[in-house]
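> Okay, here's the structure, questions in a sec.
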Amino acid sequence: MTDLQQRVEQLLASHEPTTTGPADFLGAQFDAGLAWVHFPEGRGGLSLARGRQLEVDALLEAARAPRPDVARNSIGLGMAAPTLLAYGSEELQQRHLRSLFACTEIWCQLFSEPGAGSDLAAVATRAVPDGDEWVIDGQKVWTSGAHGADFAILLARTDTSVPKHAGMTYFVVDMTDPGIEVRPLRQITGEAEFNEVFLAGVRVHDGNRVGAVGQGWTVATTTLNNERVAIGAGTHPAQAGQGRPARPRHARPAPQRPRAAGGPPRELTERA
Ligand SMILES: Cc1cc2nc3c(=O)[nH]c(=O)nc-3n(C[C@H](O)[C@H](O)[C@H](O)COP(=O)(O)OP(=O)(O)OC[C@H]3O[C@@H](n4cnc5c(N)ncnc54)[C@H](O)[C@@H]3O)c2cc1C
């Protein structure tokens, strides 16, 4: 048995996989360095080769252990996490990576705007410094899952005097800020998976900046490169073609809590 297999066995021994709640199990998986084995120790990983995660996932799958809710948190897991690891401060990594993996934090992506889609560097949402905070005003669109998100990764313009790719900065935004309004975009199917998001006087502490001021384009391309990886891995909504959250390739039905008298079954992945 390899060291990695031993670690998985220890995790399964200390957290019975079929009875431990998803958040507890996934938190323990993160602490054991088995969330993303290619991440550093203390950040959910063991600094191993990325491909070795497959060994971990296969063993956990076989044990019917809770898995991250990729359908709801694909942007957090596939895009925000690797970007925070690459450019986020120590504090941001400590604050978010574990809860993001445990899916007690759901994330969305505030990049696209009515005038900035293919030409993402045209973003017009402004972030203006005010002491140790930034004040953000603007509008985003096509924001998948914004209606259920706790946090967002956001690209905003912080300097209009330089060429457009040089004038952007990347932030983590708390979606419960009172200046944020989420308006659903109703599709012809009747579903509303995407949203318009309006930001009016949203105050973001400078500690929520990811990367340097003006480095937003570089940070954003890191996010977008990781989005491609997530799509390739089958863990991104875009894979379903219509924004419908895709299930991981080896997905199995979510375990159900016992049905309350007369009530519908509740998924174990449901947030408290
Ligand atoms: C399923 C889905 C989920 C999404 N979720 C999110 C999300 O969560 N967060 C987020 O920020 N965004 C999201 N988006 C938005 C997505 O990033 C944009 O749709 C994308 O960047 C394209 O922008 P647009 O829709 O404004 O199209 P446009 O940029 O208006 O492009 C329209 C058409 O014109 C073409 N075109 C554009 N410019 C040129 C040019 N210079 N020369 C030739 N052809 C051109 C394009 O190829 C395209 O065919 C999502 C989109 C989809 C489809």
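The values are calculated or read from the model by the stated rules, or taken from the named source; none is laboratory data. Just so you know, these numbers come straight off a predicted model, no measurement behind them. Cβ coordinates were reconstructed from backbone atoms using ideal geometry, including for glycine residues, and neighbour counts include every protein chain displayed.
> Would you please list the contacts, defined by Cβ atoms under 9 Å and residues six or more apart or on different chains, that run from a residue in region 53-65 that is under 18 Å from residue 3 (Cα atoms) to a residue that is charged (D, E, K, R)?
So the pair list comes out as 56/7; 57/67; 59/9; 60/67.
> Could I ask something else about it? Being assigned to a helix (DSSP H, G or I) and either within 19 Å of residue 204 (Cα to Cα) or within 9 Å of the ligand (Cβ to nearest atom) (or both) is true for just one of 165, 147, 96. Which residue is that?
Details: 165 fails: either within 19 Å of residue 204 (Cα to Cα) or within 9 Å of the ligand (Cβ to nearest atom) (or both); 147 fails: either within 19 Å of residue 204 (Cα to Cα) or within 9 Å of the ligand (Cβ to nearest atom) (or both).
Being assigned to a helix (DSSP H, G or I) and either within 19 Å of residue 204 (Cα to Cα) or within 9 Å of the ligand (Cβ to nearest atom) (or both) holds for just one of 165, 147, 96, which is 96.
> Residues that are within 16 Å of the ligand (Cβ to nearest atom), assigned to a helix (DSSP H, G or I) and either surrounded by fewer than 18 Cβ atoms within 10 Å (Cβ to Cβ) or at pLDDT 95 or above (or both): does region 59-66 have at least one?
So in region 59-66, the residues within 16 Å of the ligand (Cβ to nearest atom) come out as none.
Checking region 59-66: not a single residue is within 16 Å of the ligand (Cβ to nearest atom), assigned to a helix (DSSP H, G or I) and either surrounded by fewer than 18 Cβ atoms within 10 Å (Cβ to Cβ) or at pLDDT 95 or above (or both).
> So the check is Cβ under 7 Å with 6+ separation or different chains; which pairs have a first residue in region 143-171 that's farther than 20 Å from residue 88 by Cβ and a second one that's among the hydroxyl-bearing types (Ser, Thr, Tyr)?
157/125; 167/158; 167/160
> Please count how many residues of region 107-144 are in contact with an Asp or Glu (Cβ under 8 Å, 6 or more places away or on another chain), within 12 Å of the ligand (Cβ to nearest atom) and either at pLDDT below 95 or assigned to a loop (DSSP other than H, G, I, E, B) (or both).
4
> Let me ask something else. Within region 187-208, take every residue that is β-branched (Val, Ile, Thr) and not in a strand (DSSP E or B) and give me the one that is surrounded by the most Cβ atoms within 10 Å (Cβ to Cβ). So that I can check it myself, show each step before the final result.
The initial filter retains those residues of region 187-208 that are β-branched (Val, Ile, Thr), namely 188-189, 197, 202, 204.
Then drop every residue that is not not in a strand (DSSP E or B), which leaves 188-189.
Values: 188: 5, 189: 9.
Among them, the one singled out is 189.
> Can you say whether residue 104 is farther than 23 Å from residue 8 by Cα, buried (at least 16 other Cβ atoms within 10 Å of the Cβ) and not hydrophobic (A, V, I, L, M, F, W, C), as far as the supplied structure shows? If you could, list the steps in order and put the result at the bottom.
Working: farther than 23 Å from residue 8 by Cα: no; buried (at least 16 other Cβ atoms within 10 Å of the Cβ): yes; not hydrophobic (A, V, I, L, M, F, W, C): yes.
Against the criterion (farther than 23 Å from residue 8 by Cα, buried (at least 16 other Cβ atoms within 10 Å of the Cβ) and not hydrophobic (A, V, I, L, M, F, W, C)), residue 104 does not qualify.
For every residue, the table says whether it meets (1) in the same structural domain as residue 187 (by TED's automatic domain parsing); (2) over 17 Å from the mean Cα position of the chain (by Cα); (3) not acidic (Asp, Glu).
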{"position": "81", "(1), (2), (3)": "no, no, yes"}
{"position": "120", "(1), (2), (3)": "yes, yes, yes"}
{"position": "132", "(1), (2), (3)": "yes, yes, no"}
{"position": "137", "(1), (2), (3)": "yes, yes, no"}
{"position": "148", "(1), (2), (3)": "yes, no, yes"}
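> Residue 76 versus (1) closer than 30 Å to residue 28 by Cβ; (2) touching a Cys at 6+ places or on another chain (Cβ under 8 Å); (3) within 11 Å of the ligand (Cβ to nearest atom): which is the lone unmet condition?
(3)
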